[in-house]
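Derivation of every value follows stated rules applied to the coordinates shown; laboratory data play no part. These numbers were taken from a predicted model, which means no experiment stands behind them. Here Cβ is always computed from backbone atoms with ideal geometry, including for glycine, and neighbour counts include all displayed protein chains.
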Amino acid sequence: MNKSIATRPNPWSFLPFALTIFTSAFLLFQVQPLLSKQILPWFGGSPAVWTTAMLFFQTLLCLGYLYAHALAKVPSRQTQARIHVFLLVLAALLASRVLPGTELRPESPDSPVFQVLLILGASVGLPYFCLATTGPLVQHWFTSTAHASSVFRLYALSNVGSFLALLSFPYVLEPWLEQQEMGQLWTAGFWVFALLCLPVALGAWQNKVQIGAASHGDGPDSSSPVAAEQLGHPAQTSLRQRFSWVALPALASLVFIAATDQISHDVAPEPRLWISTLGLYLVTFILTFDHPRWYRPKLFAILSLVLLLATAGISDIPRWLGIEWDYGVNEVRWSHFALLFVVCMLCHGELYRRRPVDTRRLTEFYLCMSVGGAFGGLFVTLVATQWFDDYHEWLMALILVALLACHVLFRSDSQRPGLAGRLVGVFTAIVMVALLAVMQNPWSWREVRKADRTEVLLDQDRNFYGTVSVKERRFLNEPERNDRVFFSGNVTHGQQFLSESLRHVPTTYYARDSGIGETLLWAMSQKPNLSVALIGLGAGTLANFAREADAYDFYEINPAAVRFAQEWFDNLASCKAREQNILLGDARLRMEQLPKDKRYDVIVLDAFTGGSVPIHLLTREAFQIYRDHLQPDGYIAINITNAYLNLYPVVKAQSEGLGMAFRHKSQAADEVRNVRRNLHFIMTQDQAYLKAYPSVNREVRDAAGRFLRHEPQDQPGLRLWTDQFSSIAPIAK
């Protein structure tokens, strides 16, 4: 019998494949935040831009994998190379201008999802598609080399490149480079990638062996059907196996997106949250596809079940056990991070266990994976956002994870489990689903009874711009304190007392003695009639300052917020202003379209109290627009209250850039008056106003109420934010 003869593989022949795949993955994840940030101002800074962009990139990834799968079916290796080289050259030419120009800027706020997809496709469609084909296609060519046994490590390496790109954008590139500079670097990187890919495509580094080239380690050649049967794996891929290739990454993707949204909902959309969750998601790919040693099925199944209960019952379980535990932001955040990591290890570990032994199925495997990975973005963007009024996809994801974990925990790899084992597994799954449904009941918070009050949800809506809701609080012993609260996500954006005596007393961030309250009252004392612009409607609280001679323009991007302000609060209806307009759409774009002679006495910016700050409203170009539409003796008043970002140095730099003087005022919370702790920054040239109202710093006190110090706000040396440069890293708290 003839024995297989193989030449000694050249270790350097592995390097071109590794460099090509690493570079393509790095560029894939560099361009995603780069383009998303570029178009963010065009859509009002909505966090949904990121979700929609992810849908675009995941869909294009699927198309790239489909192309790779189809090209791998072409019998001639030379034909494959010619087709792909032509695609590379064309993509390299189109990559010369990756950032979308102003000609692609939308003129209407209608159909934002479609417009985001159109802009991304026109600017980076083919180059991104070409990068997306690299992983499966180069790995397919790699199976013809003497290193074919390491093919899945190339996939792990691609995720290392993605992970490093994800970290480098906010921490290395963004703090130092402008958008155009990053775009030019990305274009240069794409040309380097094309030069690396050309010799790989043309077969210069194939280093073929005579026989057994594609074997996976010791034993028979696993690329052949006979060898696959000898290894205990069917040569033909079953429908059940294909389904698992789609379903497992789909579940991981859904958990990743739902967990990101859920943390935003329970805590706040904290800056860099997307990077943290996506980073964990990628790390699980790196570990599971690097080597089987990192994934232990039973261990991760048990951990998943434990963390499901711990995360879903973070408030219920201690109460059931009679433990008083006041959990906070960190507990919620880290419990979700831990659950996300363990669940993705479970899904991706099971996916790796079901990988094809026959390497001819490699491109089909990656195609199914990409379809599953895109499912999470498709479901959240096109189904959940459009049809759910809350984050119901989170409970759905938890239930599916519980079923998968029970299946993995109670299955038998050697033989079919007996009737007792199956019954225990089914019973455990039923108990888990019931517990999750009780602890994560999405309707439970619609009526909450506390010792001193009852909270009832009156209305809730969800759209491209987020979730808004209205609650009514009814105090048992103090009915005069009954009020309605307007929420954007989980952030309070307005409150109104229900009693007639307090109904139109300004609350939350805008008490009469707040920085903005003082500014409006001073301006009213100086002029018999004011023209005021309010960016961010909320519950319409500031309408209570208006006089009959005044004119108020309310700028609001979310149509649901406008409906809530009109239906559930009467601040707008009772506004005394002779003229009031609601301008729907992004405030910066709408103000830019105003006649040049339109001038305001006061411009109030109130869009920064949440974690997803619309940065495009804080750049030099934005403030120039405000200044162009401000009276010479007018005021730009900004609510910079934010638990996650120190916006003081940002607006101070803008004030100095405009050559305007400024003051700030910090105000402590007052629960009785429904006043929340706030910090306001006011720019003006009115020296009399600045003399009458000096700046007030926030006081830091100990538990006994003793004064300790004033909290510093400034950060000297912060670079001026522009449309081409902004970074939240230096100002994150």
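In 5 Å bins starting at zero, report the fraction of Cα pairs in the range 272-313 per bin as a rounded %.
5, 19, 16, 24, 24, 10, 2
Would you mind listing how long the range 622-733 runs along its three principal axes, going by Cα atoms, in whole Å with the largest first?
Principal extents (Cα only, largest first): 47, 35, 25 Å.
What does the extension gain come out to for E455 and L167, with contour length at 0.36 nm per residue minus their alpha carbon separation?
This chain segment gains 99.5 nm when fully extended.
Taking the Cβ-Cβ separation of A573 and S111 as r and a Förster radius of 30 Å, what is the calculated FRET efficiency to the nearest 0.05?
On the way: r = 31 Å, r/R0 = 1.02.
It comes to 0.45.
If the chain between L720 and R333 were fully stretched, how many nm would it gain, using 0.36 nm times the residue separation less the Cα-Cα distance?
136.2 nm
What ranking do 285-291, 92-98 get when scored by the average of other Cβ atoms within 10 Å per residue, highest first?
Ranked by mean Cβ neighbours within 10 Å, highest first: 285-291, 92-98.
Work out from phi, with θ = phi - 60° and the Karplus expression 6.51 cos²θ - 1.76 cosθ + 1.60, the ³J(HN,Hα) of each residue of the range 177-188, listed in order in whole Hz, and give x for Gly and Pro.
10, 7, 4, 4, 5, 5, x, 5, 4, 5, 4, 4
Pull up all non-local amide H partners of T467: gap of 5 or more, or a different chain, and H-to-H distance under 5 Å with H placed in the peptide plane.
Distant-sequence amide H within range of T467: G489.
What's the local net charge at R296, with K and R +1, D and E -1, over the other residues with C-beta under 12 Å away?
+2
Provide the net charge surrounding R503, with neighbours chosen by a C-beta distance below 10 Å and charges set as Lys +1, Arg +1, Asp -1, Glu -1.
Net of charged neighbours comes to -3.
For E567, E518, what's the fewest-to-most ordering of other Cβ within 10 Å of each Cβ? Mind showing how you got there, number by number?
On the way: E567 11, E518 22.
Ascending Cβ contact count within 10 Å gives the list E567, E518.
What is the order of K596, K298, K665, fewest Cβ neighbours within 10 Å to most?
K596, K298, K665
Considering amide H positions built from the backbone, and no H for Pro or chain starts, which residues 5 or more places from Y600, or on another chain, come under 5 Å of its amide H?
Here L630, Q631 satisfy the definition.
Kindly rank 715-727, 116-128, 575-587 from highest to lowest mean number of other beta carbons found within 10 Å of each residue.
Values: 715-727: 15.7, 116-128: 20.8, 575-587: 17.8.
Per-residue Cβ counts within 10 Å, averaged per peptide and sorted highest first, yield 116-128, 575-587, 715-727.
Give a quick list of GluC sites (Glu not before Pro) in the range 608-698 that DSSP marks as loop, anything other than H, G, I, E or B, with at most 15 other Cβ atoms within 10 Å.
E671
Can you tell me which of 628-640, 524-536, 68-80 comes out highest on packing, and rank the rest after it, using the mean Cβ neighbours within 10 Å? Spell out each step's value before the answer.
Working: 628-640: 21.2, 524-536: 19.3, 68-80: 14.8.
Answer by packing, highest mean first, reads 628-640, 524-536, 68-80.
Sorted from fewest to most neighbouring beta carbons within 10 Å, what does the list F427, F341 look like?
Working: F427 12, F341 21.
Going from sparsest to densest Cβ surroundings: F427, F341.
Can you list, bin by bin at 5 Å, the percent of alpha carbon pairs in the range 500-641, starting at 0?
2, 10, 20, 25, 23, 15, 5, 1, 0
Beyond a 29 Å Cα-Cα separation, which of these cross-linked pairs lie in this structure: K598/K652; K596/K652; K471/K691; K527/K596; K596/K691; K527/K691?
Values: K598/K652 25 Å; K596/K652 26 Å; K471/K691 41 Å; K527/K596 22 Å; K596/K691 31 Å; K527/K691 18 Å.
Where the Cα-Cα span goes over 29 Å, the pairs concerned are K471/K691; K596/K691.
Excluding E518 itself, calculate the net charge of residues whose Cβ lies under 10 Å from the Cβ of E518, where each Lys or Arg counts +1 and each Asp or Glu counts -1.
Charge balance near E518 sits at +2.
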